[in-house]
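Participant: Before we start, here is the structure in question, set down as structure tokens.
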Amino acid sequence: MRALLFAMAAGIALSGCVTTEQVDKTNAKIQSGLADACPKLEAAHTAFLLSGIFIHYSQKVIDTERQTYAGVHSICADPASVTLQSSVSKVLQAIEDIKAAKSGS
């Protein structure tokens, strides 16, 4: 998922001047990528929750996973709303949420 976020940000940064058709194609690619990645995020989150039955995680690990999931899930909550125009702020916010989760904030 992290690779997808960085790829989206890099693609946007390198896009430069684009036509409406190119923007539409890019939006479709972003949304298609999210359609592939978001179910994997859900599966990983579910696996983490289920593994908690057998593995005793520290509260810090649980809190970090919860905050990280929430940050990335904000992108997957409505993939159709993630466009070339909105993706930069959504990706940056998700990265900030992940950083905050890692630092224990």
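The values are calculated or read from the model by the stated rules, or taken from the named source; none is laboratory data. Just so we're clear, the structure is a prediction, and the values are computed from it rather than from any experiment. Because the Cβ atoms are built from the backbone with ideal geometry, glycine has one as well, and the counts that use them run over all protein chains shown. Areas reflect the complete protein model, heavy atoms only, side chains present, ligands, DNA and RNA absent. Shrake-Rupley method; radii C 1.70, N 1.55, O 1.52, S 1.80 Å.
Participant: Tally up the carbon and sulfur contribution to the accessible surface of region 16-102 as a whole percent, 1.4 Å probe, everything protein left in place.
Facilitator: Result for region 16-102: 63 percent of the exposed heavy-atom area is carbon or sulfur.
Participant: Same structure again: Take peptides 62-70, 22-30 and line them up by average Cβ neighbours within 10 Å, highest first, as a rough protection proxy.
Facilitator: Result, highest mean Cβ count within 10 Å first: 62-70, 22-30.
Participant: Between GLU42 and VAL23, what is 0.36 nm times their sequence separation minus the Cα-Cα distance? Round to one decimal in nm.
Facilitator: Contour length minus Cα-Cα distance gives 4.0 nm.
Participant: Could I ask something else about it? For SER58, what accessible area in Å² do you get when you roll a 1.4 Å probe over the heavy atoms of the protein chains, rounding to the nearest 10?
Facilitator: Around 60 Å² of this residue is reachable by solvent.
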